[in-house]
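Just so it is clear, none of the values below were taken in a lab; they were calculated from the coordinates. Keep in mind that this is a model prediction, so the values were computed, not measured. Cβ atoms come from the backbone with ideal geometry, glycine included; neighbour counts cover every protein chain shown.
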Amino acid sequence: MSAMNHERFGLFAASEQVKSYLLTRGLSYAYIVGMADLLGTFEQAVLLAILRLGDDAYGRAILRQVQVLLTRSVVAGAVYTTLDRLEQRGFVASKLAPGTAIRGGRARRYYMIAAAGNRVLADAQKTLAKMWQGVKLPAAVKS
């Protein structure tokens, strides 16, 4: 398929330099547009934890909910790093609530799903459903 066909169908994306390199060697490029917007399992778990927690979605509560969703122990730093990355990508927003006496005056950061986060979660759900369509487990294994 020529570069023109790739562009026409809008199925593939690559930098012009990469396209040129591959096409001059008779190779094709085949990664899907929006690949950078696809969510990994952990990112999905964090976003789903925020959705499940609603107005109570703050760091430690999100951490506990992610551990429940994934049924495994999770390091707090992984959740906080993921929250920062999701916020930078515009998938979540956060607000700092005033500190309380119980917390020694420390503020608490609350997270909420942004519109883009809802869209990317819906896309991830559709993509997974499409990938699993017609697959029955356990699959027959040829030896």
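Beta carbons within 10 angstrom, averaged per residue: use that to sort the peptides 124-137, 88-101, 56-69, 105-118, highest first.
Working: 124-137: 9.7, 88-101: 13.1, 56-69: 17.4, 105-118: 15.4.
Ranked by mean Cβ neighbours within 10 Å, highest first: 56-69, 105-118, 88-101, 124-137.
Taking a quarter of the surface of the Cα convex hull of segment 44-104 gives a mean projected area of 4.5 nm².
Within 14 Å, Cβ to Cβ, of residue 64, how many net charges do the neighbouring residues add up to if Lys/Arg are +1 and Asp/Glu are -1?
Combined, the nearby Lys, Arg, Asp and Glu give +2.
Full-extension gain between residue 112 and residue 87, please, as 0.36 nm times their residue separation minus the C-alpha to C-alpha distance. Could the numbers behind the result be given before it?
Details: separation 25, 0.36 × 25 = 9.00 nm, distance 0.97 nm.
So the extension gain works out to 8.0 nm.
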